[in-house]
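The values are calculated or read from the model by the stated rules, or taken from the named source; none is laboratory data. Quick caveat, the model's predicted, so the values are computed rather than measured. Neighbour counts are summed over all protein chains in view; Cβ atoms, including those assigned to glycine, are modelled from backbone coordinates with ideal geometry. Quick note on the areas: whole protein, heavy atoms, side chains included, nothing else; ligands and nucleic acids left out. Shrake-Rupley method; radii C 1.70, N 1.55, O 1.52, S 1.80 Å.
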Amino acid sequence: MKRPLLIATCVLLGLTSGCGSGDANPDPGVRTEDAEAVDLDNLRIRVSGRVEVLPEAARLLESRGQPVPSLAGVPVTIEEPLRLAVNDVNATFGTGALAEDGDFSVAEVPVREVHQSLAVGLAAPGLVRTATVVYDTAFTGGRPRTDLIDTRAWALPESFHDALGAAVGEVRLRGHTGDKAGTLRDAGFVLGRVVDADGNPVAGVRVTPDRSELADRVYYPTPDFSGVGQDGTGADGLFLYVHSAGDAETFRLSVDGAEGYTPRNAGAAPGWGLLLTVYPGQHPPP
């Protein structure tokens, strides 16, 4: 997708943070007068970290006597969820493969191509196509300026996706999609977790889109994934947004009932799921 078209897409999707030139320079909290200027148009960074099977998925599979899938050798992509949502053929900025322990490292990621967020994408037999956000312009108003290290991404087994869809129920899924989809993947979804500054799940909070017409699409799975509610997060801090199976939508998610959480960029489109960890402050928990 050429840059003018992408900018037009940003306008159409109602994006204001991270789309465009990325010239915002928020106060980094340190003295920078002796620092060298960063050429964001030519800067390339390394994105590294680890991918693991979502803990709740591993727990559910083990409770059913089913094996937790190995991630060794699974292809990994570094991509822009916004561009993925609008089927941009240039949404992927780099590729690699997971090591035996789930570690990955992808170099030469072009910063100039980041407009809203950066994610680690997974697609492999037995796994649902997902993108886990590892950098969000909501915090800085601009593109990343350094390597992203020790990032964490999640893999979502097909069987867990099916259990989560069953918890929502086909009636709800078809109601949210105008009878166009009976599964979460076909509808498109966001699966997230609210955590505290130490990375522990936060129970009893609500996640609210900045578009009121989307509020009824947010659900909170029960601990055993036998159902969902809409009152607030459970002990695992999980929340689920169900998309319409239609055109891509973008919005921001806020946490009600807790302080210090920056509203986060999110979006959804049919065929895949966005995975998101929502934490207080500007830096991911250790």
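Computed values, structure above
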quantity	calculated
In region 255-269, residue farthest from residue 187 (Cα to Cα) [restricted to those that are within 14 Å of the chain's Cα centre (by Cα) and outside any loop (DSSP other than H, G, I, E, B)]	264
Sole residue being of a type in the set (A, V, I, L, M, F, W, C), crowded, with 17+ Cβ neighbours inside 10 Å and more than 21 Å from residue 81 (Cβ to Cβ), chosen from 202, 195	202
Single condition residue 74 does not satisfy, out of (1) among the aliphatic types (A, V, I, L, M); (2) within 27 Å of residue 262 (Cβ to Cβ); (3) touching a Leu at 6+ places or on another chain (Cβ under 6 Å)	(2)
Top-ranked residue of region 40-72 - restricted to ones that are basic (Lys, Arg) and outside any loop (DSSP other than H, G, I, E, B), ranked as least open to solvent (accessible area, probe 1.4 Å)	50
All positions within region 122-142 that are in contact (Cβ under 8 Å) with a residue 12 or more places away in the chain and closer than 21 Å to residue 162 by Cβ	122, 123, 124, 126, 127, 128, 129, 130, 131, 132
Failed condition for residue 28, given (1) open to solvent by 60 Å² or more (accessible area, probe 1.4 Å); (2) modelled with pLDDT under 95; (3) not in a loop (DSSP other than H, G, I, E, B)	(3)
Qualifying positions in region 169-184 - under 20 Å from residue 54 (Cα atoms) and surrounded by fewer than 21 Cβ atoms within 10 Å (Cβ to Cβ)	183
Pairs where the first residue, in region 207-235, is under 18 Å from residue 58 (Cβ atoms) and open to solvent by 80 Å² or more (accessible area, probe 1.4 Å) and the second is at pLDDT 95 or above and in a strand (DSSP E or B), C-beta under 9 Å, 6+ apart	235/201
Selection count where residues are hydrophobic (A, V, I, L, M, F, W, C) and either open to solvent by 30 Å² or more (accessible area, probe 1.4 Å) or modelled with pLDDT under 95 (or both), scope region 122-133	1
Residue in region 97-116 that is surrounded by the fewest Cβ atoms within 10 Å (Cβ to Cβ), counting only those that are under 19 Å from the mean Cα position of the chain (by Cα) and modelled with pLDDT under 95	113
Hits in region 134-152 (condition: open to solvent by 10 Å² or more (accessible area, probe 1.4 Å), at pLDDT 95 or above and charged (D, E, K, R))	147, 150, 152
Residue, surrounded by the most Cβ atoms within 10 Å (Cβ to Cβ), within region 73-96, restricted to residues that are closer than 25 Å to residue 159 by Cα and among the aliphatic types (A, V, I, L, M)	78
Residues located in region 273-284, provided they are under 22 Å from residue 83 (Cβ atoms) and open to solvent by 20 Å² or more (accessible area, probe 1.4 Å)	277
